[in-house]
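In what follows, a single structure is set out as structure tokens and then discussed.
The values are calculated or read from the model by the stated rules, or taken from the named source; none is laboratory data. Owing to the predicted nature of the structure, the values given are computational and were not obtained by experimental measurement. Don't worry about glycine lacking a Cβ; one is built from the backbone with ideal geometry, like all the others, and counts go over all protein chains shown.
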Amino acid sequence: MSLLDKLDVVAAARKALLPEGLEVFGTPIEEVYSATEARVGDRRILFLGTNNYLGLTFAPECLQAAHEALDKEGTGTTGSRMANGSYSGHRALEREFADFYHCHSGIVFTTGYQANLAMISGLAGAGDVVLIDGDSHASIYDGCRLSGAEIIRFRHNDVADMEKRLRRLGERSRSTLIVAEGIYSMLGDQAPLAEIVSIKNAYNSILLLDEAHSLGVLGKTGQGLVEETGLIDGVDFITGTFSKSLGSIGGYCVSNHPQLDQLRYISRPYIFTASPSPATIASARAALKLLRDGTELRRQLWQNSRQLYARLKALGYQLGPQPGPVIANILDSPQQALMLWKGLLDHGIYVNLILPPAAPEGKALVRCSVSAAHTSEQMDHVGDVFAELRKSIFQ
Ligand code: PMP
């Protein structure tokens, strides 16, 4: 099969699954009105599928900081930090992230995807092992591939399975990197961090925790699962993204290991890509301050999440194991998921559709992302629409 024929197979598979004219992936968003509202086609929609957990994309402090940086430093850095230099904003944000986590140091990356790629491929190499949860985000899988290390998966959140696999490695557990996520992006559940930390200590491995979905969401000051559980000292490297609760673009890693800095000299996803633009760094810095002081935002986020989770559960939807910023409806078939997704959009509610193979265990997901910027009335309305669709689609 030629290279182009392979792409025709992709097109045919997509056509077979999705009705003509329905732009499920990359839905065109014509206008954005606020952190929670936009226009798709000629319909005003409620965003329930953006990871804007604290609703900060229109925070005046973030907008102003971005405008000022744009005016002072221009639209882009046009190069990588290693070759073209680090702007003061990059260095300041690294210090601010390290201080936020009370850690020795931090590195800022161009995206959260690249943070995982850079960290995993920088830490592990040929002959080493990366032990990952089966539900890991694509950036973790891709980081493993780039590393050249042996990749071993354990069943999602199954610490007994994780330990069994470490035990089998014998002495090699010392050159093993374990990777987990604070809140998992697919089902919205949290990692059993206490057990993971005690096992990694027993086997002298290294632990990297991706707090992409838990930054700003868990813990008193929003550090993530490390703060919620009080286990920060048990985690070697914390990664995360600016693209969710910080409402910007970029990624970070913080650590108490002074060796972190050496990753700058060996990690290809850090060296060979342009650094984040001044405006994205400036808005992320402003958002980090709001996030740290954002107790009220976290309270509102959790109230919205619990309200919607309880309503959907009572309606009989099959959900991920616990409430959180991600509420996943698990459907048995892609067709059911598609009908639910389309029904919600027809009622002005925009959510994420996740089809196999992206969804775990061959299921399909309709994933809602809750924000502190949503109101309790909006959660009620979303619940009412889910109730109506339950009758029309599933009965
Ligand atoms: N880690 C996880 C768990 C994620 O869900 C994502 C994004 N969906 C990323 C990393 C990558 O973040 P970014 O969007 O900044 O590339």
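Residue-level analysis places Ile107 outside the set of residues that are in a helix (DSSP H, G or I), of a type outside the set (Asp, Glu) and within 15 Å of the ligand (Cβ to nearest atom). Quick check on segment 171-185. Is at least one of its residues within 16 Å of the ligand (Cβ to nearest atom), charged (D, E, K, R) and closer than 21 Å to Val254 by Cβ? Yes, segment 171-185 contains at least one residue that is within 16 Å of the ligand (Cβ to nearest atom), charged (D, E, K, R) and closer than 21 Å to Val254 by Cβ. Among residues of segment 227-254 that are closer than 20 Å to Pro325 by Cβ and within 16 Å of the ligand (Cβ to nearest atom), those with a beta-carbon under 6 Å from a residue that is polar (S, T, N, Q) and assigned to a strand (DSSP E or B) at least six positions away or on a different chain give the pairs Gly251/Thr241.
One residue stands out among those in segment 302-321 that are part of a loop (DSSP other than H, G, I, E, B) and out of contact with any strand residue (DSSP E or B) (no Cβ under 7 Å at 6 or more places or on another chain): the one that is farthest from Leu187 (Cα to Cα), which is Leu315.
Checked against the criteria, Ala69 counts as closer than 12 Å to Ser277 by Cα and surrounded by 18 or more Cβ atoms within 10 Å (Cβ to Cβ). Does at least one position in segment 247-264 carry a residue that is crowded, with 20+ Cβ neighbours inside 10 Å, in contact with a helix residue (DSSP H, G or I) (Cβ under 6 Å, 6 or more places away or on another chain) and within 30 Å of Phe386 (Cβ to Cβ)? Checked segment 247-264: at least one residue is crowded, with 20+ Cβ neighbours inside 10 Å, in contact with a helix residue (DSSP H, G or I) (Cβ under 6 Å, 6 or more places away or on another chain) and within 30 Å of Phe386 (Cβ to Cβ). Contact map, segment 104-130: residues that are free of Cβ contacts under 8 Å to residues at least 60 places away in the same chain paired with residues that are assigned to a helix (DSSP H, G or I) and within 11 Å of the ligand (Cβ to nearest atom), Cβ distance under 9 Å, separation 6+ or inter-chain. Pairs shown: Ala124/Gly143; Val130/Ile140; Val130/Gly143. Evaluated against (1) among the β-branched types (Val, Ile, Thr); (2) out of contact with any Ser or Thr (no Cβ under 8 Å at 6 or more places or on another chain); (3) within 15 Å of the ligand (Cβ to nearest atom), Thr295 falls short on exactly one condition, (3). Being buried (at least 20 other Cβ atoms within 10 Å of the Cβ) and polar (S, T, N, Q) narrows it down to one of Thr221, Thr229, Thr241, so name that one. Selected residue: Thr241, the only one of Thr221, Thr229, Thr241 that is buried (at least 20 other Cβ atoms within 10 Å of the Cβ) and polar (S, T, N, Q). Among residues of segment 210-222 that are assigned by TED's automatic domain parsing to the domain that holds Phe100, those with a Cβ under 6 angstrom from a residue that is among the basic types (Lys, Arg) and more than 16 Å from the ligand (Cβ to nearest atom), sequence gap 6+ or separate chain, pair up as Thr221/Arg292.
Can you tell me which residue in segment 359-384 is surrounded by the fewest Cβ atoms within 10 Å (Cβ to Cβ), limited to those that are within 17 Å of Tyr184 (Cβ to Cβ) and touching a residue at least 40 places away in the same chain (Cβ under 8 Å)? So the residue we want is Pro360. Can you find a residue in segment 171-186 that is within 21 Å of the chain's Cα centre (by Cα) and modelled with pLDDT under 95? Yes: segment 171-186 contains one or more residues that are within 21 Å of the chain's Cα centre (by Cα) and modelled with pLDDT under 95. For Ala328, the conditions (1) over 17 Å from Gly49 (Cα atoms); (2) at pLDDT 95 or above all hold with the exception of (1). Inspect segment 5-28 for any residue being hydrophobic (A, V, I, L, M, F, W, C), modelled with pLDDT of 95 or more and either assigned by TED's automatic domain parsing to the domain that holds Ser248 or under 30 Å from Ser277 (Cα atoms) (or both) and give the result as yes or no. So far as segment 5-28 goes, no, none of its residues is hydrophobic (A, V, I, L, M, F, W, C), modelled with pLDDT of 95 or more and either assigned by TED's automatic domain parsing to the domain that holds Ser248 or under 30 Å from Ser277 (Cα atoms) (or both).
When the residues of segment 1-50 are filtered to those that are among the polar types (S, T, N, Q) and out of contact with any His (no Cβ under 7 Å at 6 or more places or on another chain), the one that is surrounded by the most Cβ atoms within 10 Å (Cβ to Cβ) is Thr50.
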